[in-house]
Amino acid sequence: MPDLSVALADLLAADFAASPVTASQVGRTEFDEQLDDLSADAFAARDASAAALLARLDAIAEDGLAPDEAIDRDLARSVLRGRLIVAPFEQWRRDPVTYSGPITSGLFILFLHRLRPEADLVDAAAARLEQVGRVVDAGIANLDPALAHPLIVERGLGAARGGARYVRDLVWRDVEDPAARERLRTAGEQAAPHLDRYVAHLEALLPRAHGSWQLGEDAYSRVLREREVLPYDARSLRDRGQAELERLDAEMATLARDATGNADYVEVLREDDANHPPTERAMLEAYTAWTAKAHDFLAGTGLVTLPDGEDCAVVPSPVFQRPVLGVASYIGPPAFSDRQRGHFFVPFAPDGASEEEVQARLSNNSYGGIPTTAVHEAYPGHHWHMVMRKRNPSTVRRVYSTPYFNEGWALYAERVMRERSFFEDPLHVLQHLNATLFRAARIVVDTSLHLGEMSHDEAVAFMVERAALPEPVAKAEVGRYCAWPTQASSYLTGCVEILAIRERYLAARGFAGVSPAEVPVGEIRGFHDALASSGSLPLGLADRAVMATLR
């Protein structure tokens, strides 16, 4: 339908113009020389644009739309509704990473994927570095101590310091040509003082900050229902997370007793955490080995279709990311490119971390836990999904995503690899279950934090006691939940929804009541391929997309 295609094209054009860094991330290289406009006027214009585009899409009736077109329309509507729900919260007045993030990621992404000749990349990076002062000025003008919470400011302060070091000392090291490298080093030296100025501003802002991170019950519930197309509100989701926490507690106690003779799985896990790589380099090597094992397992079993030419690089986390993220992460290949290489980032400690903190972080990456994380981030988790997602012909499905699908899929990937006997040791299974319990604890903590019913310190203690996290990791985790409301609930919520979709799919294929481990692998592969290639849809829409493949 022409009205729909025009509206969707206008949405993409507006979003790429508003965020050139996002455009670069998906492979639209014509935006590589620009940084985002993060002024107050720009945020107001984005909200107005979202409202106008949503009205246009709401006016397009489903009659006459093909099933895939209807899903594309509803995906765009969910994205815009989500923006408008959280717009009054004005995150851009609260979180310093709003400003440092596009600077660092906007430079890093250029050299990560290298979609253009090096000389062009250096031109683009230098152009973005010239705009750092403008972005910093916007952050200084916009951040409001009456809205910003000290915890979020402190987190942003670490990110800004990491960004200053990246711009000054590191970004130019990715350039091979000596003259171009020197040019970029000079550009970084000229931009870094602006980030130093931002750091100084945040240091002065920190003691004056007295705002809140709490999104609130109404907005949280509306995000679940209108953005994620889920049948929950914040409180019913918390109840579900608590129920899963208790169920997993019982299952893990039984497994720990059977495997070790000790039903206290927290004690068993902490003993296993002591068996961790001695250095960050050894941790990287262990993750690399298990990523290869997971790939080979998929190739041998046929549990999924592995696209020709895909590969996943296992590398240390970027320096600027380390102060704000204490766990593994992943960046997929750009949607608008022929690249199929993804990057699995292993969680190195921030610069200046004490040896005690480094060892505490390493203990959260034990030899027993590394296999399930490799599955989650790479095969058949994020990396495999993102490569398959590129196959979808819909541009909006290759650009817009939700963590409830992305993270739900990756946690489901752990589950299905357990079902198919990938894990070699009972402790691997126990660590996998603990990773799932950790996600249940995240639901309880995230909802409680944003409902205003749990303090930061209570949340840290909960994650240490119930998810067996080392305290430095628990603090980094809770800081992330405060800064990114609703995301932490996405993992287990999405996984449970995907399991329900799988049950309906297999029932329709004649396997109602059959254990998934006993279903022929070709049937399971068909489900996996259909779901992963449908995009990263809100789960209610993903259900429609997958079931439509059976007609």
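FYI, it's all coordinate maths here, none of it is from the lab. Owing to the predicted nature of the structure, the values given are computational and were not obtained by experimental measurement. All Cβ positions, even for glycine, are placed from backbone atoms using ideal geometry, and neighbour counts span all protein chains on display.
Where does the chain land on Rg/Rh, using Cα atoms and the Kirkwood Rh?
0.94
Hey, can you rank 536-542, 179-185 by average C-beta count inside 10 Å, highest first?
536-542, 179-185
For region 1-70, report the convex hull volume of the alpha-carbon atoms normalised per residue, in Å³, without decimals.
85 Å³
How big is the dipole moment of region 417-551 about its Cα centre under a simple scheme where the beta carbon of each Lys and Arg is +1, that of each Asp and Glu is -1, and everything else is neutral? Debye, nearest 20, please.
Dipole of region 417-551, to the nearest 20 debye: 540 debye.
Counting other beta carbons within 10 Å of each residue's own, what order do Thr372, Thr301 fall into, fewest first?
With the fewest neighbours first, Thr372, Thr301 line up as Thr301, Thr372.
Taking neighbour counts of Cβ atoms within 10 Å as a proxy for exposure, in what order, fewest first, do Arg551, Arg420, Arg73 appear?
Arg551, Arg420, Arg73
Looking at region 53-192, I'd like the Rg to Rh ratio, where Rg is from alpha-carbon atoms and Rh is Kirkwood's inverse mean 1/r.
1.12
Among the DSSP beta bridges whose two residues both lie in the chain, what percent are antiparallel, rounded to the nearest 5?
Given both bridge residues lie in the chain, the antiparallel proportion sits at roughly 35 percent.
Starting from 0 in steps of 10 Å, tell me what percent of the Cα-Cα pairs of region 246-548 lands in each bin.
6, 27, 37, 24, 6, 0
How much mean residue ellipticity at 222 nm does the chain get from its helices, if each DSSP H run of length 4 or more adds -39500 (n - 2.57) and you divide by all residues, to the nearest 500 deg cm²/dmol?
Dividing the helical sum by the residues of the chain leaves -20500 deg cm²/dmol.
As a footprinting exposure proxy, order Lys293, Lys390 by other Cβ within 10 Å, with the fewest listed first.
Lys293, Lys390
Considering only the other residues whose Cβ falls under 15 Å of the Cβ of Thr22, what net charge follows from Lys and Arg at +1 and Asp and Glu at -1?
My count for the surroundings of Thr22 gives -1.
Modelling each spin label as a point 7 Å along the Cα-to-Cβ direction, I'd like the Asp3/Ser39 distance in nm, to one decimal.
Calculated label separation equals 3.5 nm.
Considering only DSSP beta bridges with both partners in region 246-548, what is the antiparallel share in %, to the nearest 5?
Bridges in region 246-548 that DSSP calls antiparallel: roughly 35 percent.
Within a Cβ distance under 14 Å of Val122, other residues only, what is the Lys/Arg minus Asp/Glu net charge?
Within the 14 Å Cβ shell, the charges total -3.
Measuring from label point to label point, each 7 Å out along Cα→Cβ, what is the Thr279 to Met547 span in nm?
The answer from the label model is 5.5 nm.
Given the Cα-Cα distance of Asp68 and Glu271 and 0.36 nm per residue of separation, how much length would full extension add, in nm?
68.1 nm
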